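Quick notes on the structure that follows.
The values are calculated or read from the model by the stated rules, or taken from the named source; none is laboratory data. Model, not experiment: these values are computed from the prediction. Please note: Cβ atoms are built from the backbone with ideal geometry, for glycine as well, and neighbour counts cover all protein chains shown. What goes into the accessible areas is simple: the full protein's heavy atoms, side chains included, and nothing from ligands, DNA or RNA. Shrake-Rupley method; radii C 1.70, N 1.55, O 1.52, S 1.80 Å.
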Amino acid sequence: MSTASTTSENDRDQRTGVYVYGIVTGDVEPEPHARGIGDPPADVAVVRHGDIAALVSEVTLDRPLGMPDDLTAHARLLDGTAAVAPVLPLQFGGVVTDTEAVEKELLAPHHDQFRSALDDLEGRAQYVIRGRYTENSVLQEILDENADAARLRAEIRDKPEDATRNARIELGEIVNREIEAKRAADTRRVAAALSDLDPTVRERQPTHEEEAVHLAVLLDLSREDDLLQALTELGEEWDGRVRLELLGPMAPYDFVTAGEAPG
């Protein structure tokens, strides 16, 4: 090989790496249309070791990771996989030098641990349930149930903001406390409504002050219709009070992770 060719190959190696999305069983094959991160989106491949494998793609190192399209592509590949096969997601941004490093530094040292976790996930995926109070309904609920809140609301009605500052602060504190209490009770209500489906449930932190429910649920894919039915019935019960939303199936981000790719 000439010196010029060697230099060109080294430069290419320095400009590219292997991005690792997650761990799957060794018999998984990427769909022909599967695409990873990058512009244009990279083809997805697998690196195998024993009966496990890693979903990977080549990535150029001369552009920073973390653009919205990168995050979307990372999640889309993992979530699409989770709908048909168990997958252990890696944290976003896992890049290694080459496919040999994927096998020797990630797959081989953790083979049995990853295989056991994949066995536990067979036929299961994560769903996320989100619910948000409709503003007028939850406030009216609090005013009907809490005499102090009703008194303060009457006290500040049609009066200048500056003149009722303390009362407004006190009312806001009461409303926040009441919503927290309602959120806890309504979260328990959702979990109870799903108990017959034998799910594993993780409570997520609220992302909005009027969030009523935010749960991650690990569930058999075969029970998806039952999940939809349970939430439909709950939505009818809460009509006009809470708007429910179901996301999934997706990779089990809240329940298992393959951690970080070796650096």
**Asked** For segment 74-81, does any single residue satisfy the condition of being open to solvent by 70 Å² or more (accessible area, probe 1.4 Å) and over 26 Å from D198 (Cα atoms)?
**Response** yes
**Considering residues of segment 163-207 that are of a type in the set (A, V, I, L, M) and under 20 Å from E236 (Cβ atoms) only, the residue surrounded by the most Cβ atoms within 10 Å (Cβ to Cβ)** = V190
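This table checks each residue for (1) modelled with pLDDT of 95 or more; (2) not in a helix (DSSP H, G or I).
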residue: D69; (1), (2): no, no
residue: H74; (1), (2): yes, no
residue: F92; (1), (2): no, yes
residue: P109; (1), (2): yes, yes
**Item:** Every pair of residues 6+ apart whose Cβ atoms lie under 6 Å, when the first sits in segment 231-248 and is more than 15 Å from R130 (Cβ to Cβ) while the second is among the small types (G, A, S) and in a helix (DSSP H, G or I)
**Value:** G240/S137
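A quick yes/no check of all residues on (1) in contact with a Leu (Cβ under 7 Å, 6 or more places away or on another chain); (2) in contact (Cβ under 8 Å) with a residue 40 or more places away in the chain:
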{"position": "Q113", "(1), (2)": "no, no"}
{"position": "L118", "(1), (2)": "yes, yes"}
{"position": "Q126", "(1), (2)": "yes, yes"}
{"position": "N136", "(1), (2)": "no, no"}
{"position": "Q140", "(1), (2)": "no, no"}
{"position": "A147", "(1), (2)": "no, no"}
{"position": "A150", "(1), (2)": "yes, no"}
{"position": "E155", "(1), (2)": "no, no"}
{"position": "P160", "(1), (2)": "no, no"}
**Complete:** Pairs returned, first residue in segment 205-219 that is closer than 14 Å to D186 by Cβ, second residue that is at pLDDT 95 or above and part of a loop (DSSP other than H, G, I, E, B), beta-carbon separation under 6 angstrom, 6 or more apart or interchain, are H214/R204
**Asked** exposed (fewer than 12 other Cβ atoms within 10 Å of the Cβ), out of contact with any Asp or Glu (no Cβ under 8 Å at 6 or more places or on another chain), of a type in the set (S, T, Y) and touching a residue at least 12 places away in the same chain (Cβ under 8 Å): does that describe S222?
**Response** yes
**Asked** If E210 satisfies every condition in (1) open to solvent by 60 Å² or more (accessible area, probe 1.4 Å); (2) under 23 Å from L152 (Cβ atoms); (3) of a type outside the set (G, A, S); (4) under 22 Å from the mean Cα position of the chain (by Cα) but one, which is the exception?
**Response** (1)
